[in-house]
């Protein structure tokens, strides 16, 4: 079934390629929008059509919502997928899509606006009976995994129930993520909600067998999701490593030409670039993601260790050494880490 005739992807890089892949499988035509800096990018080549929307700076291209709306009208796109970042959580963009009769693949503008206001969002969750926390410092942004090694099945069920309760309290539709933090006693607290697909959505897909981009398309097209499509329990364990063009110790971006890119064979790859491409200084330095899945967490870690050994990137600084150090760390392997883990690892 074709949920839409033509989808414009208001994004770039690996997430644009990811959306294009699902659309192609569903026989949905695609339109890429791109800046002058991305003219030779893979996602531009892979889309059915491509429209130049401006120069490299994001304010004059990927954040120019009127240029993107015009590209959709020009190409006859009946839906826009915002991906993540850029305009994905911009309520005004969602409103403009609606005004032009174009389906915004995501929640309503009112929901985006509510949950984008962090204070209002936490008040809403508190009113729904969910514990909140003022904030948290630090993050392990290079790596994600699912399910969480900190939660047993009972705690996971309770947390998931809280997430559903929170989403229902605001009438949420489409894909979104409730973010919680868990303390040393196993108590969880609501942090924020991302009203769009996550960077780390592949780990959810790997343990559930669900194509979340397809679900986004179905929901936006008002096609019900059959209960048989919803997995009862997660299957195995998945780990995602984000590969960045950056100094692995200072985290400063390292733009330039990728002289060599040898990808691992035994991993799911979501890369924005290929060998010979330029990493520009204009955008996020993430060049791709590697995802492994195993019957157990130990197996997923072992597969990721092998993938990192097989992966080679040269010509630019990158964080592959840091990712390898994380995978080899005994505390990480034991599931004993927190939001200060990378900082502690680098000091050690």
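Return the only residue of 100, 89, 66 being out of contact with any strand residue (DSSP E or B) (no Cβ under 6 Å at 6 or more places or on another chain), buried (at least 19 other Cβ atoms within 10 Å of the Cβ) and farther than 22 Å from residue 1 by Cβ.
89
Any idea which of (1) surrounded by 19 or more Cβ atoms within 10 Å (Cβ to Cβ); (2) farther than 22 Å from residue 212 by Cβ is the one residue 81 doesn't satisfy?
It fails just one condition, (2).
Kindly check whether there is at least one residue in the stretch 38-45 that is in contact with a strand residue (DSSP E or B) (Cβ under 7 Å, 6 or more places away or on another chain), assigned to a helix (DSSP H, G or I) and either crowded, with 20+ Cβ neighbours inside 10 Å or not assigned by TED's automatic domain parsing to the domain that holds residue 255 (or both).
Keep residues of the stretch 38-45 that are in contact with a strand residue (DSSP E or B) (Cβ under 7 Å, 6 or more places away or on another chain), which gives 41, 43-44.
Filter again for assigned to a helix (DSSP H, G or I), leaving 43-44.
Remaining after also requiring either crowded, with 20+ Cβ neighbours inside 10 Å or not assigned by TED's automatic domain parsing to the domain that holds residue 255 (or both): 43-44.
Yes, the stretch 38-45 has at least one match.
I'd like to know if the stretch 147-158 contains one or more residues that are surrounded by fewer than 19 Cβ atoms within 10 Å (Cβ to Cβ), at pLDDT 95 or above and not in a loop (DSSP other than H, G, I, E, B).
The answer is no, given that none of the residues of the stretch 147-158 is surrounded by fewer than 19 Cβ atoms within 10 Å (Cβ to Cβ), at pLDDT 95 or above and not in a loop (DSSP other than H, G, I, E, B).
Residues of the stretch 313-330 being part of a helix (DSSP H, G or I) and either under 19 Å from residue 249 (Cβ atoms) or in contact with a strand residue (DSSP E or B) (Cβ under 7 Å, 6 or more places away or on another chain) (or both), which ones?
Listed by number, the residues that qualify are 320, 321, 322, 323, 324, 325, 326, 327, 328.
Tell me, yes or no, whether the stretch 240-249 has at least one residue that is outside any loop (DSSP other than H, G, I, E, B) and either exposed (fewer than 15 other Cβ atoms within 10 Å of the Cβ) or not assigned by TED's automatic domain parsing to the domain that holds residue 273 (or both).
Taking every residue of the stretch 240-249 in turn, none turns out to be outside any loop (DSSP other than H, G, I, E, B) and either exposed (fewer than 15 other Cβ atoms within 10 Å of the Cβ) or not assigned by TED's automatic domain parsing to the domain that holds residue 273 (or both).
Name the single residue that is farthest from residue 164 (Cα to Cα) among those in the stretch 178-196 being within 15 Å of the chain's Cα centre (by Cα) and touching a residue at least 24 places away in the same chain (Cβ under 8 Å).
Filtering the stretch 178-196 for residues that are within 15 Å of the chain's Cα centre (by Cα) and touching a residue at least 24 places away in the same chain (Cβ under 8 Å), the one farthest from residue 164 (Cα to Cα) comes out as 196.
Which of the following residues is free of Cβ contacts under 8 Å to residues at least 24 places away in the same chain and within 23 Å of the chain's Cα centre (by Cα): 99, 89, 95?
95
Can you spot a residue in the stretch 48-55 that is at pLDDT 95 or above, surrounded by fewer than 21 Cβ atoms within 10 Å (Cβ to Cβ), more than 19 Å from the chain's Cα centre (by Cα) and within 25 Å of residue 202 (Cα to Cα)?
yes
Of these, 39, 10, which one is closer than 26 Å to residue 289 by Cα and free of Cβ contacts under 8 Å to residues at least 24 places away in the same chain?
39
Tally time: how many residues in the stretch 169-189 are touching a helix residue (DSSP H, G or I) at 6+ places or on another chain (Cβ under 9 Å) and not in a loop (DSSP other than H, G, I, E, B)? Reasoning before the result, please.
The first filter runs over the stretch 169-189 and keeps only residues touching a helix residue (DSSP H, G or I) at 6+ places or on another chain (Cβ under 9 Å), leaving 169-178, 180, 182, 186, 188.
This time we only want the ones that are not in a loop (DSSP other than H, G, I, E, B), so: 169, 177-178, 180, 182, 188.
Of the residues in the stretch 169-189, 6 are touching a helix residue (DSSP H, G or I) at 6+ places or on another chain (Cβ under 9 Å) and not in a loop (DSSP other than H, G, I, E, B).
The values are calculated or read from the model by the stated rules, or taken from the named source; none is laboratory data. If you're wondering where the values come from, they're calculated on a predicted model, not measured in any experiment. Cβ atoms come from the backbone with ideal geometry, glycine included; neighbour counts cover every protein chain shown.
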